[in-house]
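> Handing you this structure, nothing more for now.
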Amino acid sequence: MTERFTKFVDKTVQQIEGNQQEKDDLYEELMIHLELSKEQFVKAGLSETEAEKKALEDFGEETEIGSEIQQAMYPYRKEMMIVLAIGSIIFSIGIYLAQLFLEGDAYILWLVLSIMASALLFIFSIQSRAFFNRRLWMNSLLLIHIAIYLFGLLLTTGVTVPSISAPLTIFASIIILLAIVLIYRTTIHDYRATDHPLPHYAKWLHVINMTAGVGVIGYILFFLWGMMVMIGSLSPVMVIPLIPLLVWISLYIWQMHLIRKRRKKGAYAVAVVPMAAILLMFWYIIVIFIGM
Amino acid sequence: MMKKKTIISILIIIGLITITLIVLGIIFDKEEFEKQQGRTSIYDVSSNGTIAYVFFDEGNPGIYLQSDTASPEEPIVQLKIDQEILDISFSPDGKKLAYIISHKNKQEDLKSAIHVVNVETGSNQVLFAKRTLVTEIEYHPTNEDMLYYLNADTFENYSPIASAKPHDFDVFSYQISSGETKQHTDLKKYMMQSLRVSRTKNTVYVSMFDDTDVETAEDSFATYLRIFEISLDDPKSIQVVSQKDNEQDIYDFAVAANDDAFIYQAVNDTGEDGIFQYELFFYDRQTEQGERFTHLREHTTNPIIGPDEKYVYFVVDKQFGSPKPDYYLYQMTIGGGNPEEIPLYMN
């Protein structure tokens with residue numbers, strides 16, 4: 001194994017978004033490929049150094065190769081992320097200006113939070129390095145993004161000009177949907193074996209909890225909005241709807257702890273709680289509000 | 001792969017746009033009280049047919065007159081942006097107009113002042129001020145020396161999940177010549193509205209919850225807003241005078257000149273959008289029969305029976321249920337027929 005090859009493969013693998021095991025596998029594959037190529041060139045009569053250079057030349061530019069491998073492993077993931085980030089920034093500016101000039105309300109804090117979340121997504125989407133590899137961070141950011149843009153969706157309903165409110169509502173819905181799709185992609189499709197003892201079970205627990213998480217955030221925002229309408233200002237009582245969030249986080253951590261200890265039944269039994277709560281809420285909304 | 005410089009440039013541009021938006025937000029953000037614009041549901045019709053109505057001009061409330069002689073674009077009363085006009089009432093001869101001023105932020109500064117403006121000369125007089133909230137005012141229909149009003153002692157939220165509202169209501173009167181204030185009831189009602197003064201008897205009418213038999217919290221949910229007659233000679237004599245078995249809340253109403261009928265506002269139906277539709281109903285006190293008066297399928301409110309009992313005036317909020325109401329004034333002959341919109345100058 002030469003220093004030249006090591007450097008090259010290191011740089012290539014850095015372009016790939018994946019866990020350590022995936023990277024190690026890829027590293028090994030690339031090294032074997034380069035070594036075989038080098039051997040062929042040596043057999044053809046080149047010196048060791050020349051054969052190395054020729055093998056690398058044949059292989060191509062490391063960053064380009066990395067990007068191509070990334071695209072092959074996670075097709076259109078980067079593009080989806082960029083679309084989500086740019087779309088979110090455009091929406092944030094649009095709804096902020098609509099609220100400001102049509103309703104006289106400046107949602108400065110929301111603007112700053114939403115632009116920050118979207119800018120982070122943008123950075124993550126073009127820089128597939130460092131902690132981008134950590135799916136936990138990626139999914140957490142996407143969940144925060146969904147929460148912020150669910151509030152953005154509520155803001156669209158506050159615009160009293162229907163010709164502006166309607167397209168913004170559709171825009172916000174598409175953003176939220178795309179973020180949800182990316183969460184599922186990250187969790188299901190892009191989830192590969194790690195050092196976890198039961199990766200398959202852990203994956204489905206993540207799916208269940210992410211679904212519950214989207215529901216819990218929606219529930220919290222709905223109740224906070226309702227309370228804002230009724231009370232008209234911020235009040236300490238608004239902390240109450242945040243309790244389900246704490247319950248959801250605690251149950252999620254508990255399940256992950258149980259599954260790591262190979263206690264499948266226990267973990268799934270706990271997972272039933274948030275899902276049952278979400279289904280109950282869904283039923284309540286359909287029966288009570290829509291009257292079906 | 002995007003170069004570092006390009007990424008930093010993009011982030012700087014995003015940052016600059018955000019800072020520009022924040023600056024715009026600080027400049028153009030409006031307080032709630034600055035946002036009020038356009039017509040309100042507050043109006044009155046004088047004995048000579050003049051219409052007075054409250055209109056917000058970029059948050060500043062004003063009273064405008066619509067008649068053959070008044071200049072419609074000039075407010076007869078114009079208040080500061082942090083003030084609000086809660087109710088207006090013409091004197092029996094139509095020459096004076098009483099109105100209530102309060103602060104828009106009632107929780108911070110609970111007080112009301114009752115003024116009278118001469119509609120011909122524009123001269124203004126403060127009658128009295130209180131550290132409570134006067135929500136409605138009504139001249140006696142035949143005695144221009146007497147004003148009646150609803151007084152709420154508090155303005156607060158009784159529950160942490162409810163917005164602040166006036167509570168502890170009672171009926172008061174004020175004699176202009178002597179400056180004497182008289183408290184007629186001692187009910188401290190949670191809610192009392194639509195004060196009407198009888199032309200023929202020494203009584204007033206109000207809308208309140210019919211909660212005399214309420215013992216438990218569940219009972220209170222089964223009560224309805226009804227029209228009550230309160231005798232001013234014996235204020236303890238309070239009786240329901242609207243249909244007693246009617247399962248409708250009566251929010252607002254007008255009384256016919258000889259007290260024999262009411263035109264009241266209640267929910268009639270729910271629209272396809274899930275929003276209640278309010279109509280006006282006619283109730284004959286002798287036959288105890290009620291019938292629908294309007295068929296607009298909108299939010300119809302504030303009925304006032306005009307001079308000579310020829311027309312019934314009312315307001316329709318065509319944006320009811322949305323954050324910005326959109327009020328239109330209508331008139332309709334008292335015998336029924338098609339409602340006619342009265343185009344108000346201030347729009």
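> Only helices (runs of 4 or more DSSP H) wholly contained in segment A:106-220 count here; list those with 3 or more residues that are outside the structural domain of A:ALA269 (by the TED database) and modelled with pLDDT under 85.
By residue number, A:108-126, A:135-157.
> Then there is this: Could you please find all residues in segment A:225-265 being in contact (Cβ under 8 Å) with a residue 60 or more places away in the chain, away from chain B (no Cβ under 14 Å) and either open to solvent by less than 50 Å² (accessible area, probe 1.4 Å) or part of a helix (DSSP H, G or I) (or both)?
Listed by number, the residues that qualify are A:ILE259, A:ARG260, A:LYS264.
> Considering only segment B:6-24, I want to know if a residue exists there that is within 7 Å of chain A (Cβ to nearest Cβ) and of a type in the set (Gly, Ala, Ser).
no
> Just give me the residues in segment B:184-197 being of a type outside the set (Val, Ile, Thr) and open to solvent by less than 20 Å² (accessible area, probe 1.4 Å), in sequence order.
Answer for segment B:184-197, where residues must be of a type outside the set (Val, Ile, Thr) and open to solvent by less than 20 Å² (accessible area, probe 1.4 Å): B:MET192, B:SER194, B:LEU195.
> Look through A:TYR107, A:TYR96 and report the one residue that is more than 26 Å from A:ASP10 (Cβ to Cβ), open to solvent by 60 Å² or more (accessible area, probe 1.4 Å) and not hydrophobic (A, V, I, L, M, F, W, C).
The unique qualifying residue is A:TYR107.
> Given the condition outside any helix (DSSP H, G or I), more than 10 Å from every other protein chain (Cβ to nearest Cβ) and surrounded by fewer than 17 Cβ atoms within 10 Å (Cβ to Cβ), answer yes or no: does some residue in segment B:28-36 qualify?
no
> Quick one: which of B:THR154, B:THR181, B:THR200, B:THR142 is open to solvent by 40 Å² or more (accessible area, probe 1.4 Å), among the β-branched types (Val, Ile, Thr), part of a strand (DSSP E or B) and more than 14 Å from chain A (Cβ to nearest Cβ)?
Only one candidate passes the filter, namely B:THR181.
> Sticking with this structure for a sec: Search segment B:37-52 for residues being open to solvent by less than 40 Å² (accessible area, probe 1.4 Å) and either within 21 Å of B:ASP82 (Cβ to Cβ) or free of Cβ contacts under 8 Å to residues at least 24 places away in the same chain (or both), and hand back the single one that is nearest to the other protein chains (Cβ to nearest Cβ).
Once the filter is applied, the top-ranked residue is B:GLY38.
> Just the residues that are of a type in the set (Val, Ile, Thr), buried (at least 19 other Cβ atoms within 10 Å of the Cβ) and modelled with pLDDT under 95, please, taken from segment B:90-133.
B:VAL119
> Checking the structure you have, find out if any residue of segment B:114-128 is under 30 Å from A:LEU224 (Cβ atoms) and in contact with a strand residue (DSSP E or B) (Cβ under 8 Å, 6 or more places away or on another chain).
Checking segment B:114-128: not a single residue is under 30 Å from A:LEU224 (Cβ atoms) and in contact with a strand residue (DSSP E or B) (Cβ under 8 Å, 6 or more places away or on another chain).
> Being of a type in the set (Ser, Thr, Tyr), touching a residue at least 40 places away in the same chain (Cβ under 8 Å) and either over 27 Å from A:LEU153 (Cβ atoms) or open to solvent by 90 Å² or more (accessible area, probe 1.4 Å) (or both): is that true of A:TYR268 here?
The answer is yes for A:TYR268.
> Right, something else. (1) open to solvent by less than 20 Å² (accessible area, probe 1.4 Å); (2) in contact (Cβ under 8 Å) with a residue 12 or more places away in the chain: which one isn't true of B:THR18, the others all being true?
Of (1) open to solvent by less than 20 Å² (accessible area, probe 1.4 Å); (2) in contact (Cβ under 8 Å) with a residue 12 or more places away in the chain, only one is false for B:THR18: (2).
> Further, regarding this structure: Checking B:ASP211 against (1) over 27 Å from B:ALA164 (Cβ atoms); (2) open to solvent by 50 Å² or more (accessible area, probe 1.4 Å); (3) out of contact with any Leu (no Cβ under 9 Å at 6 or more places or on another chain), only one condition comes out false. Which one?
Just one mismatch for B:ASP211, condition (1).
The values are calculated or read from the model by the stated rules, or taken from the named source; none is laboratory data. It should be emphasised that the depicted structure is a prediction, and the values quoted were computed from it without experimental measurement. Counting neighbours? That spans all protein chains shown, and the Cβs are built from the backbone with ideal geometry, glycine included. Please note that ligands, DNA and RNA were not included when accessible areas were found on the heavy atoms of the full protein model with its side chains. Shrake-Rupley method; radii C 1.70, N 1.55, O 1.52, S 1.80 Å.
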